[in-house]
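Chemist: Submitted below is the structure of interest, expressed as structure tokens.
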Amino acid sequence: MAAATESLLAVDGLVKRFGGLLATDNVSLGIREGEIHAIIGPNGAGKTTLIAQLAGEILPNAGTIRFAGTDVTGLTVDARARLGIARSYQITQIFKGFTALDNVAMAVQAQDGHNFRAWAPARADENLRKPAAAILERVGLGARADVRAVNLAHGEQRQLEIAMALATRPRLLLLDEPMAGMGKDESERMTALLAKLKGEETILLIEHDMDVVFALADRISVLVYGRVIATGKPDEIRANVDVRAAYLGDGDA
Amino acid sequence: MTGLKLDRRTWFVIVLLAALALLPLVAIATDNDYQIAQFRRILIFAIAAVSLDLILGYGGMVSLGHAAFFGVGAYIVAILNWHAAREVPLFGMMLGTHNVLVTWTAAVVLSGALAGLIGLVSLRTTGIYFIMITLAFAQMVYFFFVSLRAYGGDDGLRFPGDTVILGLIDTENDVAFYYLVFGILCAVLYATRRLVNSRFGMVVQGCRENERRMKALGFATFRYKLACFALAGALAGLAGALFAANESYISPSIMHWTRSGDLIVMVVLGGMGTLIGPVVGALAFLFLEKTLPDYTEHWMVVFGPILLLLVLFARRGIFGWFLPKEDRHGGSH
Amino acid sequence: MSLLLFLEQTLNGLQLGVTLFLMAAGLTLVFGIMNMVNLAHGSLYMVGAFFAASFTQWTGSFFLALPLAILATFVVGVLVEAIALRTLYARDHLDQVLATFGLILFFNELTKIIWGPISIFMDVPPLLSGRVELIAGAPYPIYRLAVLAVGLAVALGLWWLIARTRLGMLIRAGASNREMVGALGVDISRLYMLVFGLGAALAALAGAMAGPIYVVEVGMGDAMLIKTFVVIVIGGIGSIRGAFVAAVIVGLVDTFGRIVPAQLGLPTAIAEMAIYILMAFVLFFKPTGLFAARA
């Protein structure tokens, strides 16, 4: 590795067993500040299990996770989030009964604090509303601010989830298949959004759409049966023999 | 809601509160003054129902033990008054008191503290477990008071209360006491309205909507839910204190688990997550409980299926029918 | 406490335990498989007891009445499931609490209308009356021993059903992973109906057998219901094994809880608190009970 500085996220020797199944097999991984790092692999490779361990929803059996120099291996989900790890889920997790703006304002508040203020109306609080509106604008949902999340289209809900993650001003974004279940137009819009974030945010991206991955990612790690079999730039991954054999199939990737 | 352009919700609240304010005057005019104590009781249960709405409607915490906090509040007031009347020291040291500033404050603080303790264990669980454990704790409290023979056990406790509340209001004066309770209800409604729309209120509602997302955003959800649970317990304790003052007699039956069920019925019947809805629900519930028996002694056989139908077809509750569809979840504006 | 009293109370505790198990076995499956809160399970216990009382009167034989009461309650259970509860599976827990709370009120009142408000005292069947000196110097009622034996036999039968049959396999799968059963191509609504009916039948058996020991009266199911909840929660929702272990523990704790405080000069109502304290204690350390079926 050329980088002399420590990675923003450093995973070392991570192991997770479910009964007899080794879902994460001695995974070591480094995510550098500012890069989009994609993780690809066939179904059942353990991608979602890995991201859940990074976010803190599942605790590993062995190994360490360091984030910005801090060992976060044993920290809860919310503690990691407060350190700056934000995520989106494969199945959208938003506040369906809230408006789009309320959803994002909630995320802004997560970062702004003062959560025990129990008198002043939160919906009149410019410290929450203004940044929230700006972020909705940034992800292209500016016109949909007052629509209840449950009434948004599927693609819009996914955009909203990214907006919420951004609103916490994270240092690292974990995106679990942001294009899942999207139509062609919707995924194009999402791709454009991710392209816009490239360079501004550090992103760990799990995605099935290979065109998107190879277009956006600075580096790619390939996960097969819980193990990282290769990490490198898109060109290197394309050329890697193991990867071709194990995952991309032998010809046309 | 600016200027004079009031929306339906505001109209509903104004009309309802105005009606409640005029109730004793109408009762006197129609020679029904003996019913004013009955009306007070409705308002008191309304306060209890509003407190339950905080956790049920806004926090999404289905507690089947809320009557315990109501009962504890009532018992604190009763016991302090009883000791004052008998001049028997409490715990061998403190004297009781009739002073409502002391008794009501003690009721609020102690029932809130109890709710905090119970919440500390209960909120570690979710779903069916949470429902069951709140029920179990309420049973524990219920049997605790049944076991207190010195305070009447099963038979309950009769006690003389304060006759002049805060040096101003004569409890013998039905109307004055009614307005005191009404004023407290209005204050509770106003304060809880502020609360649910505040930052804290938004966090609590966020936990109802999607707790997993709340955690992923960085909220340590437990502490906010616990605070909400304890606060709701304290308000229920306040209602209990008023209840004790109103009746001058209490028994453990007020915290029987079916009473917790009744409170849930009031909240849902009136409109969950709206704060004002539970007031309507308490009105409707206690009205039905009073009038249905006039038609048949077996009114429960009608009331039970009504609950089922309510759940199946009228989930938004009475107040919910007055709201535009978009306003289903409470807390907006 | 003398040794004889201790042994006698242990038997009483075990007998309460198996009765609780009969209640809990069906209900824990309803909780676990359908993710459904059913407060009306105690009503089935009560209905079973009343059926047993009436059928005993009509037929003159408790042993004829018992299967009839179980069958009748099974029918009631299946009807309740089909009419009221089926629509509630997809609803949230609050709706289920509210609706089944309404069912309790309904059943209590309906029972009062049909059977009247007066308690019914059932006689112990002559064949099982009397006492037997199981332990020298401590004659114990034969009927209670019979209840204990039936309870254990049913527990064994249930274990066989759950562990060894296809239906049991589906029930186990359903309790730990609801989606999977659907994926197996099983008619879910039939399975639910069967499970619910089974639960009703077991509750009826418990109620009918309790008839001659206690008293058959309106509301008898309510107290039993809450103890059953305690059993289910301690055992872990959806776990038959957990229900059995917890039922025995709760039966013993509840029984001895009535003896020990009295001997220490404490008010007996403290006894009523014992099982709830136990439950809080268990849940504090294991928030999903001793044998959680769902991972």
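Chemist: Show that you can apply the helix-only estimate: for chain C, add -39,500 (n - 2.57) for every DSSP H stretch of four or more residues, divide by all residues, and state [θ] at 222 nm to the nearest 500.
Modeler: It lands at -24500 deg cm²/dmol.
Chemist: Still on this model: Per residue of C:104-111, count partner chain C-beta atoms within 10 Å of its C-beta, then hand back the mean as an integer. Provide the component values of the computation, followed by the final result.
Modeler: Values: counts 5, 13, 9, 3, 3, 9, 4, 1.
The mean count of partner-chain Cβ atoms within 10 Å per residue comes to 6.
Chemist: Would you tell me the mean number of C-beta atoms belonging to other protein chains that fall within 10 Å of each C-beta in B:295-306, as a whole number?
Modeler: Average neighbour count from other chains, rounded to a whole number: 5.
Chemist: Just how large is the dipole of chain C about the Cα centre, in debye to the nearest 20, putting +1 at every Lys and Arg Cβ and -1 at every Asp and Glu Cβ?
Modeler: 660
Chemist: B:L95 versus C:R91, label points 7 Å from Cα toward the beta carbon: distance in nm?
Modeler: Here the answer is 5.5 nm between the modelled labels.
Chemist: Which of the peptides A:43-51, C:235-243, C:158-166 is most tightly packed, and how do the rest follow, judged by the mean count of other Cβ atoms within 10 Å per residue?
Modeler: C:235-243, A:43-51, C:158-166
Chemist: Additional query: So, with +1 on the Cβ of K and R and -1 on the Cβ of D and E, and no other charges, what is the size of the charge dipole of the range A:1-99 about its Cα centre, to the nearest 20 debye?
Modeler: 300
Chemist: Also, I was wondering about something else. At a probe size of 1.4 Å, how large is the accessible area of A:I58, to the nearest 10 Å²?
Modeler: Near enough 40 Å² of accessible area.
Chemist: For C:L194 paired with A:V150, estimate the spin-label separation in nm (one decimal), with each label point 7 Å from Cα along the Cα-to-Cβ line.
Modeler: If labels sit at C:L194 and A:V150, their model points lie 3.6 nm apart.
Chemist: Here's another thing I want to ask about it. With a 1.4 Å probe and all protein chains kept in place, how do C:L14, C:L71, B:L180, A:L175 rank by accessible area, largest first?
Modeler: C:L71, C:L14, B:L180, A:L175
Chemist: If you find the alpha carbon centre of the range C:1-55 and of the range B:1-73, how far apart are they in angstrom?
Modeler: Computed from Cα coordinates, the inter-centre distance equals 40 Å.
Chemist: Also, quick follow-up: With 23 Å as the limit, write out which pairs from A:K96/C:K286; A:K96/B:K225; A:K130/A:K196; A:K96/A:K196 have Cα-Cα distances beyond it, or answer none.
Modeler: Flagged as over cut-off: A:K96/C:K286; A:K96/A:K196.
Chemist: Here's a follow-up. Shape call for the range B:230-329 from the C-alpha gyration tensor, a ≥ b ≥ c root eigenvalues: rounded (a/c under 1.5), prolate (a/b greater than b/c) or oblate? Spell out each step's value before the answer.
Modeler: Working: a/c = 2.14, a/b = 1.18, b/c = 1.82.
It is oblate, given that a/c is not under 1.5 and a/b is not larger than b/c.
Chemist: Still on this model: Give the accessible area for C:L79 in Å² (nearest 10); use a 1.4 Å probe, count only protein heavy atoms, and leave out ligands, DNA and RNA.
Modeler: 90
Chemist: Can you list the GluC sites (Glu not before Pro) in the range A:160-253 that are in a DSSP coil and have 15 or fewer other beta carbons within 10 angstrom?
Modeler: Here the sparse-neighbourhood loop sites are A:E200.
Chemist: Using Cα centres only, tell me the gap between the range C:192-241 and the range A:33-93 in whole Å.
Modeler: After rounding, the separation between the Cα centres reads 45 Å.
Chemist: How would you classify chain A from its alpha-carbon gyration tensor, with a ≥ b ≥ c the square roots of the eigenvalues: rounded for a/c under 1.5, else prolate if a/b is greater than b/c, otherwise oblate?
Modeler: prolate
Chemist: Also, quick follow-up: Could you work out the relative contact order of chain C? I mean the mean sequence separation of Cα pairs under 8 Å and 6+ apart, divided by the number of residues, in percent. Display every interim value, and only then the final one.
Modeler: Numbers: 454 pairs, mean separation 107.1, N = 295.
Relative contact order here is 36 percent.
Chemist: Hey, got the average number of other protein chain Cβ atoms within 10 angstrom for residues in A:116-127?
Modeler: 6
Chemist: Expressed as cubic angstrom per residue, what is the convex hull volume of the alpha carbon set of chain C?
Modeler: 139
Chemist: Going through the DSSP H helices of chain C, which span 18 Å or more along their own axis at the Cα atoms while scoring at least 0.0 as a mean Kyte-Doolittle hydropathy?
Modeler: Numbers: long enough: C:3-34 (45 Å, 1.65); C:41-59 (27 Å, 0.58); C:62-80 (26 Å, 2.71); C:93-115 (32 Å, 1.00); C:142-164 (32 Å, 1.76); C:188-210 (33 Å, 1.70); C:220-235 (23 Å, 1.84); C:240-263 (34 Å, 1.32); C:269-285 (26 Å, 2.35).
The answer, listed by residue number, is C:3-34, C:41-59, C:62-80, C:93-115, C:142-164, C:188-210, C:220-235, C:240-263, C:269-285.
Chemist: In terms of the Cα gyration tensor, with a ≥ b ≥ c the square roots of its eigenvalues, is the protein assembly as shown rounded because a/c is under 1.5, prolate because a/b exceeds b/c, or oblate?
Modeler: In terms of gyration-tensor shape, oblate.
Chemist: Positive end of the charge dipole of chain B (Lys, Arg +1 and Asp, Glu -1 on Cβ, about the Cα centre): tell me which of B:L263, B:F159, B:V204 has its Cα farthest that way.
Modeler: So the residue furthest toward the plus end is B:V204.
Chemist: Continuing with the same structure: Which one of B:Y295, B:A150, C:Y192 is farthest out on the positive end of the charge dipole of the protein assembly as shown, using unit charges on Cβ (Lys, Arg +1; Asp, Glu -1) and the Cα centre as origin?
Modeler: C:Y192
Chemist: If you don't mind, another one. Over chain B, what relative contact order in percent results from Cα pairs under 8 Å that are six or more residues apart?
Modeler: 31
Chemist: Rounded to the nearest 100 Å², what's the accessible area chains A and B bury against each other, both chains counted, probe 1.4 Å?
Modeler: The contact between B and A buries close to 3200 Å².
Chemist: Please report, in debye to the nearest 20, how large the charge dipole of chain A is about its Cα centre when each Lys and Arg carries +1 at its beta carbon and each Asp and Glu carries -1 there.
Modeler: 580
Chemist: Excluding the sites themselves, what is the longest stretch of chain B that contains no GluC sites (Glu not before Pro) in a DSSP loop with at most 14 other C-beta atoms within 10 Å? Present the calculation step by step, with values, prior to reporting the outcome.
Modeler: On the way: sites that count: B:E87, B:E172, B:E297.
For GluC sites (Glu not before Pro) (loop position, at most 14 other Cβ atoms within 10 Å), the longest site-free span of chain B is B:173-296.
Chemist: Moving on. Tell me, what is the percent relative contact order of the range B:251-319, built from C-alpha pairs under 8 Å that lie six or more residues apart?
Modeler: Result for the range B:251-319 is 38 percent.
Chemist: With r defined as the distance between the Cβ atoms of B:L117 and B:S253 and R0 fixed at 22 Å, what FRET efficiency is calculated, to the nearest 0.05?
Modeler: 0.40
Chemist: Separate question: At a 1.4 Å probe radius, which order do B:D294, B:D170 fall into by accessible area, largest first?
Modeler: Values: B:D294 120, B:D170 65 Å².
Solvent-accessible surface, decreasing: B:D294, B:D170.
Chemist: Within chain B, which DSSP H helices have Cα atoms that stretch 24 Å or more along the helix axis and a mean Kyte-Doolittle hydropathy of at least 1.6? Write out the running numbers ahead of the final one.
Modeler: Working: long enough: B:8-29 (30 Å, 2.00); B:36-53 (25 Å, 1.43); B:67-86 (28 Å, 1.17); B:100-122 (31 Å, 2.03); B:127-147 (31 Å, 1.86); B:174-197 (35 Å, 1.21); B:221-247 (39 Å, 1.02); B:276-295 (29 Å, 1.02).
Taking the DSSP H segments of chain B (at least 24 Å long, mean hydropathy at least 1.6), we get B:8-29, B:100-122, B:127-147.
Chemist: Can I ask one more? Which one, C:I162, B:S63, B:L135, is farthest towards the positive end of the dipole of the protein assembly as shown when Lys and Arg carry +1 and Asp and Glu -1 on their Cβ?
Modeler: Selected residue: C:I162.
Chemist: Report the calculated FRET efficiency for C:I135 and A:T64 (r = Cβ-Cβ distance, R0 = 56 Å), to the nearest 0.05.
Modeler: Here the calculated transfer efficiency is 0.40.
Chemist: Please give the per residue volume of the convex hull enclosing the alpha carbon atoms of the range A:97-168, rounded to a whole number of Å³.
Modeler: 75
Chemist: Hey, another quick one. Mind checking the full-extension length gain between A:D185 and A:D25? Use 0.36 nm per residue of separation minus the Cα-Cα distance, one decimal, nm.
Modeler: This chain segment gains 53.9 nm when fully extended.
The values are calculated or read from the model by the stated rules, or taken from the named source; none is laboratory data. Everything quoted here is computed from the prediction, not taken from an experiment. Because the Cβ atoms are built from the backbone with ideal geometry, glycine has one as well, and the counts that use them run over all protein chains shown. These accessible areas exclude ligands, DNA and RNA; they are computed on the full protein's heavy atoms, side chains included. Shrake-Rupley method; radii C 1.70, N 1.55, O 1.52, S 1.80 Å.
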